[in-house]
1. Hey, how many Å between the Cα centroid of region 123-188 and the Cα centroid of region 95-118?
2. Considering every Cα-Cα pair within region 136-201, what fraction, in whole percent, is farther apart than 16 Å?
3. Quick one: 169, 196, fewest Cβ neighbours within 10 Å first, how do they rank?
4. Decide, for region 76-201, between rounded, prolate and oblate: order the square roots of the alpha carbon gyration tensor eigenvalues as a ≥ b ≥ c, take rounded if a/c falls under 1.5, and otherwise choose prolate if a/b is larger than b/c, else oblate.
5. Of 92, 65, how do they rank once you tally other Cβ atoms within 10 Å and put the fewest first?
6. Of the peptides 68-74, 99-105, how do they stack up when ordered by the mean number of other Cβ atoms within 10 Å, highest first?
């Protein structure tokens, strides 16, 4: 920042003024960079904690090698496995995108609702948590899917979230799933499952 000056008409005053006016922008950029760095460091620390502590494996310790290998065959295999989803959720936490899987699971639970009378309250809960603009766990769906949900919320049916759920499933499959298969979380679990299998042969 330029020091305070009383000189108003000088060759250097314009330069000083320009530098002074750029300070707010520079400060904003510094804050952005600090925020990005803090997010990156937190992500690295969280992933390291999950891998070293094995916290994400609390439901997967008994998973066989075949189970873990099957998760790599297709994203559908992973989603059908309770242990697979638990491990994948741990990975998504390191990417700050666990709301995608949580939304998908909430939609699955919603479709299995036995009593029709419960659909409106459950639909409202899902909408408030994952689809309300600005909510902490808002998922990224397109305008068409959002409008379709708005139309069906008046009289919620079991398939009112299907389009949005499918968009999020595709997003996870194309974006997060490939990185998950290369992550320390999955590779460590695969190694441990292989070691357990070898110990019984």
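Quick note: the coordinates plus some simple rules give every number you see, no bench work behind them. Every value quoted in this text rests on a predicted model; they were computed, and no experiment measured them. Here the Cβ positions follow ideal geometry from the backbone for every residue, glycine too, while neighbour counts run over all protein chains shown.
1. 9
2. Working: 1368 of 2145 pairs.
Of all Cα-Cα pairs in region 136-201, 64 percent lie more than 16 Å apart.
3. Details: 169 19, 196 14.
Ordered from fewest to most neighbouring Cβ atoms within 10 Å, 169, 196 come out as 196, 169.
4. Values: a/c = 2.97, a/b = 2.00, b/c = 1.49.
Prolate shape, in that a/c is at least 1.5 and a/b is the bigger ratio.
5. The fewest-first ordering by Cβ neighbours comes to 65, 92.
6. Numbers: 68-74: 16.4, 99-105: 20.0.
Output ranking for 68-74, 99-105: 99-105, 68-74.
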